[in-house]
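What follows is a set of notes on a single structure, which appears directly below.
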Amino acid sequence: MAGQSNAPVIIKRKKVVQGGGHHGGAWKVAYADFVTAMMAFFLLMWLLNATTEKQRKGISDYFNPTIPVNRISGGGDGAFGGDSVFAQETMANTGTGAMDRKAAPNSVDAAGEESGRGAAGEGKAQSELEDVEKALMARGGESDTMRQLLRHVVTKVTDEGLVIELYDLPDAPLFQGETDEPAPVTRAVAGLLVEVLSLTTNEIAVNGHLRAYPVTLMENPVWDLSAARAQAVRTLLEAGGIRTERVQRIAGFADRKPVTSDPTDLRNNRIEVILLRRDR
């Protein structure tokens with residue numbers, strides 16, 4: 001028996017699971033249906049909140065008209081655009097809600113012509129403002145004196161109109177000290193503005209701005225002084241020949257609209273003379 005092995009016998013049992021260890025994917029289909037239904041529900045809630053009662057009535061009438069939809073009634077004028085399927089404010093049961101189709105092309109043509117005239121008017125107004133801007137800046141090439149005056153001037157065309165900004169320089173302030181008395185350079189610039197502003201008849205606005213003063217001041221003069229300086233420039237313009245009725249607005253903005261990161265910077269002392277757009 002010496003030839004027999006005493007090694008233990010090891011038996012391995014292997015468990016085989018049929019059909020995989022997963023429960024299948026049926027739950028995914030049910031979950032997708034649920035998510036789709038919730039999305040549709042919230043979309044419906046959003047649409048109800050985003051439309052008016054008249055628009056909802058128009059949608060309802062479109063899918064369930066109160067009278068048969070024929071050639072002269074129904075249709076609306078675009079998605080959510082009509083009060084009802086009937087374009088005019090007549091009751092549905094009259095049968096005369098929408099206008100005759102023959103009138104539609106004329107209406108479209110009229111709208112197109114009106115839009116074209118509006119665009120042409122805006123283009124003309126923009127061109128007028130740019131012409132005034134060019135005329136002003138061209139004065140800088142006439143003499144050294146003009147160049148010195150235009151050092152105080154910056155122009156830009158905005159939605160409001162042509163903004164002509166006059167600002168202090170360290171060696172040439174626009175006003176005497178902390179007062180509203182115009183310095184000689186301001187009077188000279190005002191005379192130059194009168195010449196170029198007379199090239200058009202647009203209305204005018206004048207805004208005054210100031211740098212921020214130390215908060216330790218007992219009485220901060222920025223509001224009164226900014227308005228007073230705007231008034232002083234208006235007086236200079238009218239004295240030079242600008243008609244009084246052209247000036248539509250005088251405003252003082254104190255130190256509330258600085259143009260530099262440092263609100264106490266001298267550059268924030270400025271006057272804005274705005275040549276207003278005709279189409280505003």
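The values are calculated or read from the model by the stated rules, or taken from the named source; none is laboratory data. Source: prediction; values computed, not measured. For neighbour counting, all protein chains shown are included, and Cβ atoms are generated from backbone atoms with ideal geometry for every residue, glycine included.
What are the residues in segment 240-259 that are closer than 14 Å to A205 by Cα and either more than 27 Å from the chain's Cα centre (by Cα) or free of Cβ contacts under 8 Å to residues at least 40 places away in the same chain (or both), if any? Once the filter is applied, which keeps residues that are closer than 14 Å to A205 by Cα and either more than 27 Å from the chain's Cα centre (by Cα) or free of Cβ contacts under 8 Å to residues at least 40 places away in the same chain (or both), segment 240-259 yields I242, R243, T244, E245. For segment 152-178, the tally of residues that are assigned to a loop (DSSP other than H, G, I, E, B), within 20 Å of T264 (Cβ to Cβ) and in contact (Cβ under 8 Å) with a residue 24 or more places away in the chain stands at 6. A residue that is within 15 Å of D168 (Cα to Cα), part of a loop (DSSP other than H, G, I, E, B) and touching a residue at least 40 places away in the same chain (Cβ under 8 Å) cannot be found anywhere in segment 226-239. Among the residues of segment 260-280, which ones are surrounded by fewer than 14 Cβ atoms within 10 Å (Cβ to Cβ) and touching a strand residue (DSSP E or B) at 6+ places or on another chain (Cβ under 8 Å)? Matches in segment 260-280: R280 only.
Between A230, A239, the distinction of being surrounded by fewer than 16 Cβ atoms within 10 Å (Cβ to Cβ), modelled with pLDDT of 95 or more and assigned by TED's automatic domain parsing to the domain that holds A172 belongs to A239 only. In this structure, A188 does satisfy being on the phi < 0 side of the Ramachandran plot, of a type in the set (G, A, S) and in contact (Cβ under 8 Å) with a residue 24 or more places away in the chain. Checking each residue in segment 189-226 for being within 18 Å of V153 (Cα to Cα) and among the charged types (D, E, K, R) picks out E195, R211. Test G208 against the criterion of being closer than 17 Å to I274 by Cβ and in the same structural domain as L192 (by TED's automatic domain parsing), and give yes or no. The answer is yes for G208. Considering (1) among the acidic types (D, E); (2) part of a loop (DSSP other than H, G, I, E, B); (3) more than 27 Å from the chain's Cα centre (by Cα), the lone condition that D262 does not fulfil carries the number (3).
If you go through segment 216-226 one residue at a time, do you hit one that is loosely packed, with under 13 Cβ neighbours inside 10 Å and at positive phi? Scanning segment 216-226 turns up no residue that is loosely packed, with under 13 Cβ neighbours inside 10 Å and at positive phi.
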